[in-house]
Structures are given as C-alpha cells and as structure tokens.
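Engineer: Take this structure first; my questions come after.
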Amino acid sequence: MSDAGDLDLNTLNDEELTQQVHDDLYDGLKEEVEAAVHILLGRGWTPYKVLTEALVEGMRIVGIDFRDGILFVPEVLLAANSMKAGMLILKPLLAETGAPRVGKMVIGTVKGDIHDIGKNLVGMMMEGAGFEVIDLGINNPVENYLAAIEEHQPDILGMSALLTTTMPYMKVVIDTLKEKGVRDDYVVLVGGAPLNEEFAKAIGADSYCRDAAVAVETAKSYMARKHNQLNA
Ligand code: B1M
C-alpha cells in the first residue's frame, strides 16, 4: 500500500502515524509497527487507544482486501504477525491495571479454525480487567474444552470462531456440556467476526460479544450477578 522507505516515524503527527501503522500492517512491516506503537505510547496514548485505533483498524482494512482477493494468505500472515508484535508490546500494559482477580475464564478457538488474533485480544483485555485467563489456543476439539473446564473450574467459557464453516462447532461444545449435565455451571460467551446475537442464542450460548471490550463488560456483569446471588 505504501513505501515505508526511510521515513522517520517520529516526524509524523498522530493522525499520519496512525495511517502509517495501517499501511505498515498492510505491508507486514513488523518492526515499523512495533516502532509506531512505542511512539504512540510515548505520546501518551492509552494502550487501548493504540490497540483499537492503530492495530485493530489496520487489520480491518487488511480483512477487506483479503475478502476482495487483493491480498492473499501469505501477505495476511505477515500482517497478522505484525499485529501480534504490536499486541505483544501492549499486553503487559493492558494487564497491569492492578485490578483484583474477579473471575476465571477458559478461552479457545474452535476446531478447524486457526484464527487467534481476536481471541488473544479478548484474553489480554480480560486479564487487564482482573480475570485469570486460561488460553487453549487454536483448533480445539470439544475434548480440550471439557478437560480445561474440569481442570480449571472457570466461571466463564469463551469460544472464538472466524469462519462460517467453524462457527457451528460452538454448538457441538455447548450440546456436549448439556449432555454431561454441566452446561449451567459455566457462563458461555462466544465471539468472532461472522457471529451475531441470533446465532449465539440459537446455539444456546449465554451471550455474544461483538468485541473484546464487550466481552469484558459482559463477563463482569455475569460475575456481578453471580456474586449477588451468592450473597443473597
Ligand atoms: Co482468514 N478468513 N482465513 N486468515 N482472516 C477471515 C476470517 C475472512 C472473513 C477473510 C475474508 O474473506 N474477508 C474469511 C472467512 C470467510 C468466511 O468464513 N465466510 C477467511 C478465510 C476464508 C480464511 C481461509 C479459509 C483462507 C484460505 O486458506 N483460503 C484460512 C482458514 C484457516 C483456518 O482457520 N482453518 C484463513 C487463514 C488466515 C490467516 C492464517 C492468513 C490469518 C490468521 C492469522 C491468525 O489469526 N493468527 C487470517 C486473517 C488474519 C484473517 C482476517 C483478515 C483478520 C482476522 C483478524 O485477526 N481480525 C479475517 C477478515 C475479517 O475478520 N474481517 C479473515 C482482527 C481481530 C481483532 O478481529 O478476530 O474479529 P476478530 O476478533 C474480534 C471480535 O470478533 C471479537 O473480539 C475480537 C477483538 O475485538 N471476538 C471475540 C473474537 N473472538 C472472540 C471470542 C470471545 C469474545 C469476542 O469469546 C468470549
């Protein structure tokens, strides 16, 4: 999209630099993305603002051109790696709120699906909000979720799917929880670009989370309800 060349990122104003991050993400220029994240943080941007306005927005643009056949898997992989590098810088900052532990969540991307950027982001934001997060990674069969909830006894089970072909697998997991009689022991939150409220309802999830911020708010409200019930 752009020629980063010998451009000194420090000379750009905030708006230009944000635009440059979008371009550098698009071009898979990991080091430039990392440098820009540091500069924006140095200018007083909150980690959340850097995450949403620079990184997530840049990835949204990549997604459009991937959909339209302008970008292909190898290029998108480079973009994804650059995004992850930026997220790595933000991760400790998002997590260091000092919030008391408010609950525990197991999260993983479902079987057949290797997209993990959104899931990672949700995990980071949940940690920042005081949740303990057990991340199962990608491509999880139902057995992985079952083993993890048995081992960790979380309050929340989170599932992510980015493909229309993998999102139905969430129902497999929820149905299995029902068969085992443990469905109501956990709050099941689902997310991922192709999902919506109706889908979440249809598969028997507790809530659909449009993005990481919504996931945090939703999780917090379920935890508040749980504590109120326990104290009633
Ligand atoms: Co893929 N891919 N991809 N891809 N990819 C999409 C999803 C696609 C929409 C692109 C497109 O055509 N426009 C399309 C799916 C179409 C469909 O299903 N109808 C697609 C396709 C087709 C494919 C392949 C099949 C391509 C191929 O091989 N021919 C292949 C599938 C591989 C597989 O999984 N088996 C594939 C591969 C890849 C890469 C490996 C190259 C790479 C993934 C790298 C990685 O994740 N490590 C990749 C990427 C990067 C994308 C796009 C461009 C970006 C996804 C992303 O990271 N977004 C994506 C286009 C798009 O989504 N518009 C696309 C940024 C991220 C922050 O957003 O993940 O939505 P998102 O997460 C959000 C919310 O959704 C929500 O919160 C997050 C943060 O705000 N959320 C949750 C997500 N999970 C949650 C869980 C929760 C709560 C909220 O639990 C509580």
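Engineer: Do you know which of the residues in the range 105-158 that are modelled with pLDDT under 95 and open to solvent by 50 Å² or more (accessible area, probe 1.4 Å) is nearest to D184 (Cα to Cα)?
Structural biologist: E132
Engineer: Which of the residues spanning the range 38-78 are under 18 Å from the mean Cα position of the chain (by Cα), hydrophobic (A, V, I, L, M, F, W, C) and under 22 Å from A213 (Cβ atoms)?
Structural biologist: V50, L51, A54, L55, V56, M59, I61, V62 - these are the residues of the range 38-78 that are under 18 Å from the mean Cα position of the chain (by Cα), hydrophobic (A, V, I, L, M, F, W, C) and under 22 Å from A213 (Cβ atoms).
Engineer: What pairs come out if I take residues in the range 71-98 that are more than 27 Å from G130 (Cα to Cα) and pair them with residues that are open to solvent by 80 Å² or more (accessible area, probe 1.4 Å) whose C-beta lies under 6 Å away, six or more apart or interchain?
Structural biologist: V76/F66
Engineer: Suppose we filter the range 37-56 for residues that are small (G, A, S) and surrounded by 15 or more Cβ atoms within 10 Å (Cβ to Cβ); how many remain?
Structural biologist: 1
Engineer: Going by what's in this entry, would V190 be described as in a strand (DSSP E or B), of a type in the set (A, V, I, L, M, F, W, C) and touching a helix residue (DSSP H, G or I) at 6+ places or on another chain (Cβ under 8 Å)?
Structural biologist: In short, yes.
Engineer: Pick out the one residue from A161, A212, A219 that is closer than 18 Å to N120 by Cα, surrounded by 21 or more Cβ atoms within 10 Å (Cβ to Cβ) and modelled with pLDDT under 95.
Structural biologist: Result of the check over A161, A212, A219: A212.
Engineer: For the range 2-9, does any single residue satisfy the condition of being under 22 Å from M125 (Cβ atoms) and surrounded by fewer than 17 Cβ atoms within 10 Å (Cβ to Cβ)?
Structural biologist: No: the range 2-9 contains no residue that is under 22 Å from M125 (Cβ atoms) and surrounded by fewer than 17 Cβ atoms within 10 Å (Cβ to Cβ).
Engineer: Taking the condition within 18 Å of G158 (Cβ to Cβ) and either more than 9 Å from the ligand (Cβ to nearest atom) or in contact (Cβ under 8 Å) with a residue 24 or more places away in the chain (or both), does M125 pass?
Structural biologist: Yes.
Engineer: I've got another one for you. Which pairs do you get when a residue that is among the β-branched types (V, I, T), found in the range 205-225, comes within reach of a residue that is more than 9 Å from the ligand (Cβ to nearest atom), reach meaning Cβ atoms under 9 angstrom, with the pair 6+ apart or on two chains?
Structural biologist: From the range 205-225, the pairs are V216/G128; V216/A129; V216/F131; T218/V187; T218/D206.
Listed here are the residues, each with its yes/no results for (1) part of a helix (DSSP H, G or I); (2) of a type in the set (A, V, I, L, M, F, W, C).
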| position | (1), (2) |
| --- | --- |
| G118 | yes, no |
| L121 | yes, yes |
| E143 | yes, no |
| E150 | yes, no |
| G158 | no, no |
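Engineer: Just checking, how many residues over the range 62-84 are part of a helix (DSSP H, G or I) and open to solvent by 40 Å² or more (accessible area, probe 1.4 Å)?
Structural biologist: 10
The values are calculated or read from the model by the stated rules, or taken from the named source; none is laboratory data. Small disclaimer: the values here were computed from a predicted structure and weren't measured. Neighbour counts run over all protein chains shown; Cβ positions are idealised from the backbone, glycine included. Quick note on the areas: whole protein, heavy atoms, side chains included, nothing else; ligands and nucleic acids left out. Shrake-Rupley method; radii C 1.70, N 1.55, O 1.52, S 1.80 Å.
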